[in-house]
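The values are calculated or read from the model by the stated rules, or taken from the named source; none is laboratory data. Note that the coordinates shown come from a computational prediction; the quantities given were computed from them, not determined experimentally. Here Cβ is always computed from backbone atoms with ideal geometry, including for glycine, and neighbour counts include all displayed protein chains.
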Ligand SMILES: NC(=O)c1ccc[n+]([C@@H]2O[C@H](COP(=O)([O-])OP(=O)(O)OC[C@H]3O[C@@H](n4cnc5c(N)ncnc54)[C@H](OP(=O)(O)O)[C@@H]3O)[C@@H](O)[C@H]2O)c1
């Protein structure tokens, strides 16, 4: 199998896109560490992977807690693939943004992937490591009400390019996937108006299934993408590429 002998860490592997990524990586033979806060959903995901013949374990980590980032890196050990997927989103007009929500989004969406990558990327040296970051189309297109969330993901897209440069010498590739509206537990909390508006911006005129996003993430994490680094791959139904 393509990823036999590889070890992967998927943050936010207990739900939505991350869960599909974990399942697909394990299906290709990788040993997968799934992180998240919800132990029950973690155990469910591990059981699903094991039932399909894969290898996975769950590590509980609240990535809003700075100390938990180093603990997760330690628990994961040496890995070949890091998918910085865990993220939270909340929408508000800028004058109405709540300080706690603002800080939580920056902590989980920027600080956690930053220090996780800092801890894990150097250990990938020589192993042909791959890091895939997960961003959003609203980091590329101005959408009223998305200021803080969009800024966190724009930061992650920028970090992708810097890390591609910093870690190329270690043989580590770093890419970002720009995601369009996808049916997950996360989007189930969005109003019909919010989700409908974003879906209307896609040229395919529909939301994605988590597995459609996972396919692109897993491709970038695999040796099939061996000459791709620093790229921003849009998996957004054409929303950021096509006018009208
Ligand atoms: N769905 C979309 O339409 C969409 C669009 C663009 C971009 N994205 C991005 O795609 C990624 C995945 O989104 P999703 O829709 O699949 O979300 P989701 O279903 O809400 O899942 C989010 C995942 O992140 C984890 N997570 C959240 N806060 C955490 C924290 N403080 N510490 C550790 N883990 C935490 C959750 O784990 P626990 O609950 O177990 O903690 C869960 O596994 C996010 O980065 C999101 O911004 C999603």
| task | Hey, can you tell me all the residues within the stretch 14-35 that are farther than 20 Å from residue 179 by Cα and out of contact with any strand residue (DSSP E or B) (no Cβ under 6 Å at 6 or more places or on another chain)? | result | 27, 28, 29
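Here is a yes/no grid of residues against (1) closer than 26 Å to residue 7 by Cα; (2) touching a strand residue (DSSP E or B) at 6+ places or on another chain (Cβ under 9 Å):
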| site | (1), (2) |
| --- | --- |
| 112 | yes, yes |
| 123 | yes, no |
| 128 | yes, yes |
| 135 | yes, yes |
| 144 | no, no |
| 164 | yes, yes |
| 170 | yes, no |
| 181 | no, yes |
| 189 | no, no |
| said: Whether any residue in the stretch 73-86 is within 14 Å of the ligand (Cβ to nearest atom), touching a strand residue (DSSP E or B) at 6+ places or on another chain (Cβ under 9 Å), free of Cβ contacts under 8 Å to residues at least 40 places away in the same chain and not in a loop (DSSP other than H, G, I, E, B) is what I want to check. | reply: no
| Which residues, taken from the stretch 140-178, are within 16 Å of the chain's Cα centre (by Cα), surrounded by 20 or more Cβ atoms within 10 Å (Cβ to Cβ) and assigned to a helix (DSSP H, G or I)? | 149, 150, 152, 153, 156, 159, 160, 163
| said: If a residue must be touching a helix residue (DSSP H, G or I) at 6+ places or on another chain (Cβ under 7 Å), modelled with pLDDT of 95 or more and either assigned to a helix (DSSP H, G or I) or within 16 Å of the ligand (Cβ to nearest atom) (or both), how many such residues does the stretch 123-139 contain? | reply: 8
| Members of the stretch 191-227 that are surrounded by 15 or more Cβ atoms within 10 Å (Cβ to Cβ), within 19 Å of the chain's Cα centre (by Cα), part of a loop (DSSP other than H, G, I, E, B) and more than 8 Å from the ligand (Cβ to nearest atom) | 222
| query | Residue check: is residue 53 away from the ligand (no atom under 12 Å from the Cβ), in contact with a helix residue (DSSP H, G or I) (Cβ under 9 Å, 6 or more places away or on another chain) and modelled with pLDDT of 95 or more? | reply | yes
| message | One residue is enough: does the stretch 23-32 have a residue meeting the conditions within 12 Å of the ligand (Cβ to nearest atom) and part of a loop (DSSP other than H, G, I, E, B)? | response | no
| Sole exception among (1) farther than 24 Å from residue 1 by Cβ; (2) in a helix (DSSP H, G or I) for residue 238, by number | (2)
| query | Out of curiosity, is residue 68 closer than 21 Å to residue 221 by Cα, assigned to a helix (DSSP H, G or I) and either out of contact with any strand residue (DSSP E or B) (no Cβ under 6 Å at 6 or more places or on another chain) or within 12 Å of the ligand (Cβ to nearest atom) (or both)? | reply | no
| What do you reckon, is residue 184 outside any helix (DSSP H, G or I), under 15 Å from the mean Cα position of the chain (by Cα) and closer than 19 Å to residue 154 by Cα? | no
| Restricting the search to the stretch 33-54, which residues are part of a helix (DSSP H, G or I) and more than 23 Å from residue 208 (Cβ to Cβ)? | 39, 40, 42, 43, 46, 47, 50, 51
